[in-house]
Amino acid sequence: MIRKARPGDETDILRLVRALAEYEREPDSVVADEASLSAALFADRPLVHALVAEHDGRVVGLAVWFLSFSTWTGRHSLYLEDLFVEPEWRGSGVGRRLFERLAARAGELGCARMDWSVLDWNEPAIGFYRRMGARPLGEWTTWRLEGEALAACAGADGSAP
């Protein structure tokens, strides 16, 4: 069963986020905790959302998403932050059902598209996304500003404390 995440799911969501980080060879990068996930996902007006896949009461899959905006289309896009299915459930259709539910949600919200990132070595995920009809945007490169560089940039114009 695919359903919206709800308060009380934080432990399972964090467990799957950590499992994803382990799979992506970044196990020490997760700094989120149950409280931060709860605050983000279950706020009065959340800016991030999650779907979970459940089997016999156990959460076995996760999709975390939020809306972005395309000035080119003049419409929102659904950005898929994380899609993860426990290894023993891969190939069972859980990931496909999560992805299809997200596509349906994007349609309900009037989104022009769905976007996400995938590691270039993650061949199983790349194959999955290709089977779903997606295509890579090879000419685009993902960039990031974080940590001390983010803080320094924020203070560069003198407006940050």
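Computed from the coordinates by the stated procedures, all read-outs in this text should not be read as laboratory data. These figures come from a predicted structure and were not determined experimentally. Note that each Cβ is placed from the backbone with ideal geometry, even for glycine, and that neighbours are counted across all protein chains shown.
Points worth noting:
- In the chain, the longest principal axis of the Cα atoms and the axis of helix 94-108 are about 60 degrees apart.
- Placing +1 on the Cβ of every Lys and Arg and -1 on the Cβ of every Asp and Glu, with no other charges, gives segment 2-154 a dipole of roughly 820 debye about its Cα centre.
- Convex hull of Cα atoms in the chain, direction-averaged projection (nm²): 11.7
- Ordering L80, S68, A19 by Cα displacement along the dipole of segment 3-89 toward the positive end leaves S68 in first place; charges were set at the Cβ atoms of Lys, Arg (+1) and Asp, Glu (-1).
- Fewest-first sequence of L137, L14 by Cβ atoms within 10 Å of each Cβ: L137, L14
- Computed [θ] at 222 nm, helices only, for the chain once each DSSP H run of length n ≥ 4 contributes -39500 (n - 2.57): -10000 deg cm²/dmol
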